[in-house]
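The values are calculated or read from the model by the stated rules, or taken from the named source; none is laboratory data. These numbers come from a predicted model, not from an experiment. Here the Cβ positions follow ideal geometry from the backbone for every residue, glycine too, while neighbour counts run over all protein chains shown. Surface areas here come from the heavy atoms of the whole protein model, side chains and all, with no ligands, DNA or RNA. Shrake-Rupley method; radii C 1.70, N 1.55, O 1.52, S 1.80 Å.
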Amino acid sequence: MSTVGLIFVILVILAVIAAFVISWFVAGEFYKIAEDKGYHERKYFWISFLLGFVGYLLVAAMPDRTVGQTVVSNDELPEL
């Protein structure tokens, strides 16, 4: 194998590894978004990681389970 071919193979391998690392971090952020929406299952990380852009859209389109849930602290009364 020539030197140019070997360099090309190394660059392709590095690009694939970089794509996986970036996808891992982006999927982690979309998992945090799913948790903020009230979905705490780890499957939303894997959906985002394995499906890529389609998985990001699926997580972004999920309805918010936390709407209407308010936290009332003990030292203040809720408004009526």
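For Val4, the accessible area of its heavy atoms, probed at 1.4 Å with every protein chain present, is near 110 square angstrom. Accessible surface area normalised per residue over the chain is 81 Å², counting heavy atoms of protein chains with a 1.4 Å rolling probe.
Write down Rg/Rh for the chain, rounded to two decimals, with Rg from the C-alpha atoms and Rh from the Kirkwood relation over Cα pairs. Please list the in-between numbers first.
Working: Rg = 20.9 Å, Rh = 15.6 Å.
Radius of gyration relative to Kirkwood radius: 1.34.
For the chain, the membrane-span-like helices by this rule, meaning whole DSSP H stretches whose C-alpha atoms cover at least 27 Å of axis and whose Kyte-Doolittle mean is -1.0 or above, are 3-36; this says nothing about an actual membrane.
Its Cα centre serving as origin, the chain has a Cβ charge dipole (Lys and Arg +1, Asp and Glu -1) of approximately 560 debye. As a length-normalised measure over Cα pairs under 8 Å and 6 or more apart, the relative contact order of the stretch 1-72 settles at 28 percent. The apolar share of the surface of the chain, taken as the fraction of accessible area on carbon and sulfur atoms (1.4 Å probe, ligands and nucleic acids excluded), comes to 71 percent. With R₀ set to 41 Å, the beta-carbon distance separating Trp24 from Leu80 gives a calculated FRET efficiency near 0.30. Here the stretch 16-56 is treated with +1 on each Lys and Arg Cβ and -1 on each Asp and Glu Cβ, and its dipole about the Cα centre works out to around 80 debye.
Computed over the chain with a Gaussian network model linking Cα atoms closer than 10 Å, the most mobile of Val59, Val67, Val21 is Val67.
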